[in-house]
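See below for the structure under consideration.
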């Protein structure tokens, strides 16, 4: 299933299993779609092997991406995993899909053998380019421009930069309720994508901690794929993915 987001629109998205997510295009130029994956099933041995009793994936799940040899650059393999108990363990879904980003994004089933033949995408499965950490009451300073946070505090994964430095994302949140030891229990989360050269905000996504787990997981506030795409999971179960074609969002395009 695919939802295409119109220009100038303020969209209230109800992703499968998720709360409302608001997506806006402040520059008035739309270039984003939302795709839905059929399912992300949990391995049958998850309870015995990892003491994981749930039937679905929880907040904190992350996408894993691979590229297979002899396939177009904009076609990749994707699956979901949840770090569990410690950083060396992850509960990985047996479901794998091809994600086609050329033109209208498409999703189709892939095999374990195809996954095994692929290699992790750089800057996604490894260290990602990031701007210097801002102070909590300071914007991100990058390439002579300042990029502010929308929420009251920066997320752990406060921002990212695309491979050629043309695009920058910020992630912040406003906490509404905390536990006695100060951990956020409820918050509004903000993920913004900027065109660096012009400083313009082109995509603004507002959600909750269920959509963007900004407390525990770096990489849960979205990924840049090369200098062309920005993708982000919507909803704790990662059944929906926002895909933005940055070429279509660039000012003057």
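The values are calculated or read from the model by the stated rules, or taken from the named source; none is laboratory data. Note that the structure is a prediction, hence the values are computed from the model and not measured. With ideal geometry, Cβ positions are generated from the backbone for all residues, glycine too; neighbour counts draw on all protein chains shown.
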Tell me which residues, restricted to the stretch 30-43, are in contact with a strand residue (DSSP E or B) (Cβ under 7 Å, 6 or more places away or on another chain), in a loop (DSSP other than H, G, I, E, B) and under 30 Å from residue 201 (Cα atoms).
31, 37
Search result, residues across the stretch 92-104 that are touching a residue at least 40 places away in the same chain (Cβ under 8 Å), surrounded by 18 or more Cβ atoms within 10 Å (Cβ to Cβ) and assigned to a loop (DSSP other than H, G, I, E, B)
93, 101
Can you tell me which residue is modelled with the lowest pLDDT among those in the stretch 155-166 that are touching a strand residue (DSSP E or B) at 6+ places or on another chain (Cβ under 9 Å) and surrounded by fewer than 20 Cβ atoms within 10 Å (Cβ to Cβ)?
156
Mind counting the residues in the stretch 41-66 that are in contact (Cβ under 8 Å) with a residue 40 or more places away in the chain, over 22 Å from residue 221 (Cβ atoms) and surrounded by 16 or more Cβ atoms within 10 Å (Cβ to Cβ)?
3
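This table checks each residue for (1) surrounded by fewer than 18 Cβ atoms within 10 Å (Cβ to Cβ); (2) touching a residue at least 60 places away in the same chain (Cβ under 8 Å); (3) touching a strand residue (DSSP E or B) at 6+ places or on another chain (Cβ under 9 Å); (4) farther than 20 Å from residue 40 by Cα.
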residue	(1), (2), (3), (4)
168	no, no, yes, yes
174	yes, no, yes, yes
178	yes, no, yes, yes
187	no, no, yes, yes
194	no, no, yes, yes
208	no, yes, yes, yes
225	no, yes, yes, yes
Looking only at the stretch 121-132, decide whether some residue is under 30 Å from residue 30 (Cα atoms) and modelled with pLDDT of 85 or more.
no
Could you list all residues from the stretch 69-91 that are surrounded by fewer than 17 Cβ atoms within 10 Å (Cβ to Cβ), more than 17 Å from the chain's Cα centre (by Cα) and touching a residue at least 40 places away in the same chain (Cβ under 8 Å)?
69, 73
